[in-house]
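What follows is a short report on a single structure.
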């Protein structure tokens, strides 16, 4: 049963990877990275149960956290060029 | 004495502790005084350690009270005590020079940072020399490398940044190669302690993994060492770095690289494996000769003095590796001896160039016309340093050349001895070029009168020059320790 | 009782897996960015929640279940928010959704 | 299976020209490698690789990318020579692997010689379930001291490179007005306000949980820094700098290293060797616990302070 | 077949190393070089960790009921090496920013061309 879940997760990760390679616009790639991240979280959680050591979940939690932060970071950088600026008005320094 | 027993560790921990402290001291002069005191303390420790090692053999110290193969162990024998003395000696001499020179070259608010990184580089180098654990060596190698990247990038010229970047890329590749080598060794022997690996290695030496580990380690170390084909980062790094950094790194960083080569080839793999099975001897011999000739010829055509001396350092490293490639007692003694002598020569020359840069603001040969009359002391130091580089009798250079030729003749390769002499002739050419512009040309008429370098710059230069001469005449200390170290590495009686 | 819990968790895991795969296929096959975003955003959080719920039932009460609950809570927070931020950024970045398709107009949610 | 994913990602990274995609694929690359570390039972390493590799490096690279060009110019000079060099080194490595013990076989020498002692004796000598933390902090504590120094060097180096000039350029304005996608985005601000305390709490949990489960000083420091980075991303650098000023961070990073080395010196003054925790407390095992706790704290503060400082410096360099 | 299966992990690690190495050597863009360097280092870590895996062993956290564990030593080494890797990357990126400010470009060829005439 776990094996089926893991297999499904792996397949989704593969599909997300293909989208990441092919994605025409940058946003497709960001989307693929985000989806890939959440799938790895699941993969770790299920793998923890498969190998009988359920205390792996801290790592899964860190994954989810890092995934969220990197998605926000990518959006920030892509739009406004400066992580420091709190995203000021769009007309000044529009994303290149 | 309770403290004496902890000396090996204190040698590294004191500079390590003082680096964060130095960061907290905001004003530059205080940081300089603090670093000076720490450096002199470390020199005293090094001298004491050398006496302890000479008195009763190798000193070993288990960190965290865990016995050798499990915990990390410090293993100080003749070679490491000798190189330790060189590194701390050069640092103790370079620092007084650094007081004014850094104040002029580095913007005021970053001077305390500069000394923090300087202390970290010193910690890294000392840590490499003392440690008896292969992975610990990698960690400290990385500390010294990272701090030297940051130090080099502080040069005034914008090309210092690219030089430091290329040094970072090549240095990290070298360190990763060493990491791969140590990993493969660990995979076959199961331990990281150098003495332990040496004990367990013969059982697995004929496997291909150990040979690949050996190859990767040699390539990684020669990258760090700037041996001939892999020396591309050195000229730019030394030319554009601040003068104090060039003086310190030229006299110590490559020496520690040679030490690491000695440590891996002789202590871990053992001379028999390295030279018979892997035929390291001829490879090193050819590379060393190539280094000597190509670097010396390139040095002749250089206009920037720092770049000329950087190329001559590559040639001098060739001499050291030449000594090692003979794998005989005299050859090894010559190599280790040249380690010490070259540190003295290059240290003095680069410091003198620092003084010239301090006064003239440039080290281009064309601007140095007639400097002999206006900066007599500095130019005299440069001339003596140059002569010692060439190997004129009564100087330190002569002693190491003498032993090199002796070793070459002893192992029957007389053409190599001739080539060594030819090498010093090439050195004669570029030193001559320097002397000729300084003394026999009239000083330029511009009104900018150039005074002699201040005393605090001259003193360290002349300490090194006098050491150059002193050890050129009374060779008992240097040759004695070098011979014992060589004997220890080869495992034969001196 | 244990049998039902196992069966239930088995069902959850399978539907979660199926949803995940359908999301994956959706992300590949849909023509333009916003439809892909719709496919990925929805299935992502839901499939994660389902699989984790299935695991919780397997793990029974205890610290592990609490950790799993944390993860579900965290994912249910970040998933939609990330998708939302992505959509706004894409819109802002000038990426026009595919509205004027001739034959079938994909229902842009 | 995962490894083949990794290989495909690498090929893509090598081929791609658009640097943004390369950095994002690099994010996937470290996430994948961390997942592989989990399958190879390297729990702590997966933790660190995910937090540091996917988190900090990707964010720093993105910060650099915003300042430099986004697409890479095609390599003009031929690619034959590098390919040759790479194949030679690769061949040497494969040649080296032929005699290696097979993957995962228990008879391999590394499982025989030094490691068994750690597994058998560490409960008795140090008493921590997480053997990796006990080896990291106690048996090979000196390596960790070296590690903290490396982090400190990187912090000092970056401070040296990017430090001073920032004061001359006008610091970034963060009026925060206008309909920008991320800032005006109320949802993000609200969610961030809820999440950040939770993340900080999680960082402290990881710090003190390091003895029992995966975790420890490094991971805690990085997660702490990640929380701050999230705060800076959403609320702007000036607001973040008000919370943790660079001056404080400089002092904190120095204090962490001093704390670590101080614990070592305490070992000497109490009569043992450097970094010998046994002598710190009455009972050796209690001493180990105390020593390891203090060391993890020192490591945590330095890593957190340096990571945040580096991020501030990178963030402060807007064009 | 046993050799291939047995060494599969190592060969993949070596392939990654060589890919990273190739990127560092062949590509002119400074940022791309740092990405390549980091891939090269992560690949070395995978080699180390796959050394320490014991078939059937589980993570080196002592728990009841688990007998054989994987070897904890490579994990400790890699924890140090990861931190060293990140430190190098942070320093490298700082240098790239400074170079970009000084030269205006991060392409190696343009930098060389700006240097030669001086």
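The values are calculated or read from the model by the stated rules, or taken from the named source; none is laboratory data. Here the structure is a predicted model, which is why all the values come from computation and not from measurement. No Cβ is skipped: glycine too gets one built from the backbone with ideal geometry, and neighbour counts run over all protein chains shown.
Mind listing whichever residues of region A:23-57 are over 17 Å from the mean Cα position of the chain (by Cα) and more than 7 Å from every other protein chain (Cβ to nearest Cβ)?
Across region A:23-57, the qualifying residues are A:24, A:48, A:50, A:52.
Is it true that residue C:74 is at pLDDT 80 or above, facing chain A (nearest Cβ under 8 Å) and in a helix (DSSP H, G or I)?
Yes, satisfied.
Listed here are the residues, each with its yes/no results for (1) over 26 Å from residue D:259 (Cα atoms); (2) crowded, with 22+ Cβ neighbours inside 10 Å; (3) at pLDDT 75 or above.
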position: D:90; (1), (2), (3): yes, no, yes
position: D:102; (1), (2), (3): yes, no, no
position: D:105; (1), (2), (3): yes, no, no
position: D:113; (1), (2), (3): yes, no, no
position: D:119; (1), (2), (3): yes, no, no
position: D:127; (1), (2), (3): no, no, no
position: D:134; (1), (2), (3): no, yes, yes
position: D:173; (1), (2), (3): yes, no, no
position: D:176; (1), (2), (3): yes, no, no
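Kindly check whether there is at least one residue in region A:69-86 that is over 18 Å from residue D:63 (Cβ atoms), at the interface with chain D (Cβ under 7 Å from one of its Cβ atoms) and either crowded, with 20+ Cβ neighbours inside 10 Å or at pLDDT below 80 (or both).
no
Restricting attention to region C:42-71, which residues are more than 15 Å from the chain's Cα centre (by Cα), in a helix (DSSP H, G or I) and more than 9 Å from chain A (Cβ to nearest Cβ)?
Listed by number, the residues that qualify are C:56, C:57, C:65, C:66, C:69.
Looking at B:219, B:245 in this structure, which one is crowded, with 24+ Cβ neighbours inside 10 Å, outside any strand (DSSP E or B) and within 14 Å of chain D (Cβ to nearest Cβ)?
After applying the criteria, what remains is B:245.
Taking residue D:3 as the residue in question, decide whether it is modelled with pLDDT under 80, surrounded by fewer than 23 Cβ atoms within 10 Å (Cβ to Cβ), in a helix (DSSP H, G or I) and more than 25 Å from the chain's Cα centre (by Cα).
no
Just give me the residues in region D:206-218 being part of a helix (DSSP H, G or I) and more than 8 Å from chain A (Cβ to nearest Cβ), in sequence order.
D:207, D:208, D:217, D:218
Which residue, of D:187, D:248, is in a helix (DSSP H, G or I), within 8 Å of another protein chain (Cβ to nearest Cβ), modelled with pLDDT under 85 and surrounded by fewer than 24 Cβ atoms within 10 Å (Cβ to Cβ)?
D:187
Would you confirm whether any residue within region A:5-20 is in contact with a helix residue (DSSP H, G or I) (Cβ under 7 Å, 6 or more places away or on another chain), within 10 Å of chain C (Cβ to nearest Cβ) and not in a helix (DSSP H, G or I)?
Checked region A:5-20: no residue is in contact with a helix residue (DSSP H, G or I) (Cβ under 7 Å, 6 or more places away or on another chain), within 10 Å of chain C (Cβ to nearest Cβ) and not in a helix (DSSP H, G or I).
Only one of D:299, D:303 is facing another protein chain (nearest Cβ under 10 Å), over 18 Å from residue A:62 (Cα atoms) and under 17 Å from the mean Cα position of the chain (by Cα). Can you tell me which?
Testing whether each residue is facing another protein chain (nearest Cβ under 10 Å), over 18 Å from residue A:62 (Cα atoms) and under 17 Å from the mean Cα position of the chain (by Cα) leaves just D:299.
Which of (1) in contact with a helix residue (DSSP H, G or I) (Cβ under 7 Å, 6 or more places away or on another chain); (2) closer than 20 Å to residue B:429 by Cα is the odd one out, the single condition residue B:370 does not satisfy?
(1)
For region B:201-209, check the following and say yes or no: at least one residue is touching a helix residue (DSSP H, G or I) at 6+ places or on another chain (Cβ under 9 Å) and surrounded by 24 or more Cβ atoms within 10 Å (Cβ to Cβ).
no
Could you list, in sequence order, all residues of region B:182-199 that are part of a helix (DSSP H, G or I), without any contact (Cβ under 8 Å) to a residue 60 or more places away in the chain and either under 26 Å from the mean Cα position of the chain (by Cα) or at the interface with another protein chain (Cβ under 7 Å from one of its Cβ atoms) (or both)?
Once the filter is applied, which keeps residues that are part of a helix (DSSP H, G or I), without any contact (Cβ under 8 Å) to a residue 60 or more places away in the chain and either under 26 Å from the mean Cα position of the chain (by Cα) or at the interface with another protein chain (Cβ under 7 Å from one of its Cβ atoms) (or both), region B:182-199 yields B:182, B:183, B:184, B:186, B:187, B:188, B:189.
Among the candidates B:63, B:43, B:54, which residue alone is in contact with a strand residue (DSSP E or B) (Cβ under 8 Å, 6 or more places away or on another chain) and either at the interface with another protein chain (Cβ under 10 Å from one of its Cβ atoms) or within 24 Å of residue B:482 (Cα to Cα) (or both)?
Answer to the selection: B:63.
Every residue in region B:299-329 that is more than 21 Å from residue B:388 (Cβ to Cβ) and in a helix (DSSP H, G or I), please.
B:324, B:325, B:329
Against the definition (surrounded by fewer than 18 Cβ atoms within 10 Å (Cβ to Cβ) and not in a strand (DSSP E or B)), how does residue B:44 come out, yes or no?
Here the answer is yes, as residue B:44 does meet what is asked.
Would you pick out the residues in region D:125-146 that are assigned to a helix (DSSP H, G or I), farther than 17 Å from residue D:290 by Cβ and free of Cβ contacts under 8 Å to residues at least 40 places away in the same chain?
D:131, D:135, D:143, D:146
So how many residues does region B:131-171 have that are part of a helix (DSSP H, G or I), touching a strand residue (DSSP E or B) at 6+ places or on another chain (Cβ under 8 Å) and either at the interface with another protein chain (Cβ under 9 Å from one of its Cβ atoms) or without any contact (Cβ under 8 Å) to a residue 24 or more places away in the chain (or both)?
Residues meeting the conditions: 1.
Quick one: count up the residues across region B:1-28 that are more than 14 Å from chain D (Cβ to nearest Cβ) and either more than 23 Å from residue D:257 (Cα to Cα) or crowded, with 24+ Cβ neighbours inside 10 Å (or both).
Total satisfying the criteria: 0.
Quick grid of which residues meet (1) over 27 Å from residue A:49 (Cβ atoms); (2) at the interface with chain D (Cβ under 7 Å from one of its Cβ atoms); (3) at pLDDT below 85; (4) not in a helix (DSSP H, G or I):
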{"position": "E:80", "(1), (2), (3), (4)": "yes, yes, no, no"}
{"position": "E:84", "(1), (2), (3), (4)": "yes, yes, no, no"}
{"position": "E:88", "(1), (2), (3), (4)": "yes, no, no, no"}
{"position": "E:91", "(1), (2), (3), (4)": "yes, yes, no, no"}
{"position": "E:113", "(1), (2), (3), (4)": "yes, no, yes, no"}
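Picking from D:208, D:218, which residue would you name as being within 29 Å of residue A:57 (Cβ to Cβ) and buried (at least 24 other Cβ atoms within 10 Å of the Cβ)?
After ruling out the rest, the residue left standing is D:218.
Does residue D:312 qualify as being crowded, with 23+ Cβ neighbours inside 10 Å, within 17 Å of residue D:158 (Cβ to Cβ), within 9 Å of another protein chain (Cβ to nearest Cβ) and touching a helix residue (DSSP H, G or I) at 6+ places or on another chain (Cβ under 7 Å)?
yes
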